1. Can you tell me how much longer the chain between A:M1 and A:E225 gets when fully stretched, taken as 0.36 nm per residue apart minus their C-alpha distance, in nm with one decimal?
2. Starting from the amide H of B:I54, placed 1.01 Å from N in the peptide plane, find each other amide H under 5 Å away whose residue is 5 or more places distant or on another chain.
3. From the square roots a ≥ b ≥ c of the eigenvalues of the alpha-carbon gyration tensor of the range A:1-93, which class results: rounded (a/c under 1.5), prolate (a/b over b/c), or oblate?
4. Could you put B:Y85, B:Y17, B:Y67 in order, starting from the residue whose Cβ has the fewest other Cβ atoms within 10 Å?
5. Would you mind checking the tilt of helix A:66-77 against the longest principal axis of the Cα atoms of chain A, expressed as 0 to 90 degrees and rounded to 10?
6. Lys/Arg Cβ at +1, Asp/Glu Cβ at -1, dipole of the range A:2-165 taken about the Cα centre: which of A:L46, A:Q121, A:Y137 is farthest positive-ward?
7. Once you sort the root eigenvalues of the Cα gyration tensor of the range A:178-227 as a ≥ b ≥ c, which label holds: rounded (a/c under 1.5), prolate (a/b larger than b/c) or oblate (the other case)?
8. By how many degrees, between 0 and 90 and to the nearest 10, does the Cα long axis of helix A:50-61 differ from the longest principal axis of chain A?
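Read the figures in this text as sums done on the coordinates, not as results from a lab. Not measured: the values here are computed from a predicted model. Positions of Cβ are backbone-derived with ideal geometry, glycine not excepted, and every protein chain shown enters the neighbour counts.
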Amino acid sequence: MKVAVYKGFWDMLPLNLAVLPWGILCGSLAVQNGFTPLEAQLMSLLVFAGSAQLVAIELIAKDTALITLLITTFIISARHLLYGLAIRNKMVDKPLKWRSSIAFFLTDELFAFSHHHRAYQGKLRLLYALVAGGSFYVAWNLWTLIGIIAGQFLPDLTNLGLDFAIAAIFIALVIPSITTVPILCACICSAISILIFKLVHFEFGLIASALLGMTVGYLLQSYKERT
Amino acid sequence: MITTILAMACVTFATRYLFLAKQLPFTIGPKLQRFLSFSAPCVLTAIWVPIVFIQDEQLALSVHNPYLIAATFAVILAYRFKNLYITTLGSLVLFYLLY
């Protein structure tokens with residue numbers, strides 16, 4: 001029990017720290033754009049989606065129509081559909097309280113720790129995921145609060161290179177999971193396609209490059225097993 | 001404003017919860033499960049690769065790009081040690097030496 005809690009906390013800690021500049025930015029940007037402190041905090045407490053929050057703050061400040069705002073939010077959040085689908089078989093037989101709480105915490109960051117074939121199996125692994133996801137939620141809201149209170153006195157921290165820390169953490173998580181040739185080819189395909197999609201500003205680039213890589217992996221794996 | 005925030009929260013939660021809903025009447029067969037088994041490596045790759053390879057909206061394939069050099073080191077560390085903290089801290093030190 002204790003081990004699951006500690007491991008969840010320590011595994012997520014690097015990401016909790018690495019997203020500090022963006023949490024602060026979400027808080028300070030919201031206040032600068034006319035949100036009350038309570039509304040700014042509620043964005044992180046309820047919406048809890050970094051990139052969607054940043055885009056939404058700017059859209060709300062520009063008095064964008066609600067439907068446009070919600071469609072944009074959906075486009076940015078569409079990748080979470082894939083995360084839910086990927087862990088459906090592991091989660092669907094669990095009670096509602098586990099499914100709803102894990103779903104609420106199901107960010108990119110938590111999904112990064114969901115790859116293990118026995119993830120979410122048994123109380124301890126569920127608790128691990130809950131602690132990891134929950135600690136990220138607490139950290140994100142704490143950074144937002146700092147941004148709300150002190151944002152105007154702080155310099156922009158997003159250009160300090162902490163985005164490299166996020167990349168390094170994801171590298172640390174993805175490289176050990178590349179154990180077969182199909183997985184390697186899937187990753188290379190996703191890497192090349194996301195670069196092309198980013199350069200041409202394709203909005204569904206992340207999910208499209210993931211699906212392309214997954215298709216390559218699937219085909220190679222199936223081919224490997226047939227021969 | 002509160003209504004707007006609540007509406008957004010519904011959208012983000014719905015995308016996360018939809019496929020965890022029991023009421024959704026479908027099961028994932030072995031073929032789809034195999035396809036999905038590649039999702040985590042592919043998504044993670046699609047998140048970190050642009051951070052490293054794209055600077056100022058341009059492809060930055062240069063030895064003067066500290067992100068690229070430090071990320072290469074991170075890949076080596078991750079392959080060799082398979083440890084989150086060694087890879088992250090080790091490559092971060094190199095990154096700031098170059099940055």
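1. 76.7 nm
2. Residues meeting the criterion, in which the H sits 1.01 Å from N, are B:A60.
3. Verdict is oblate for the range A:1-93.
4. B:Y85, B:Y17, B:Y67
5. For helix A:66-77, the angle is close to 40 degrees.
6. Value computed over the given set: A:Q121.
7. Here the range A:178-227 falls in the prolate category.
8. 40
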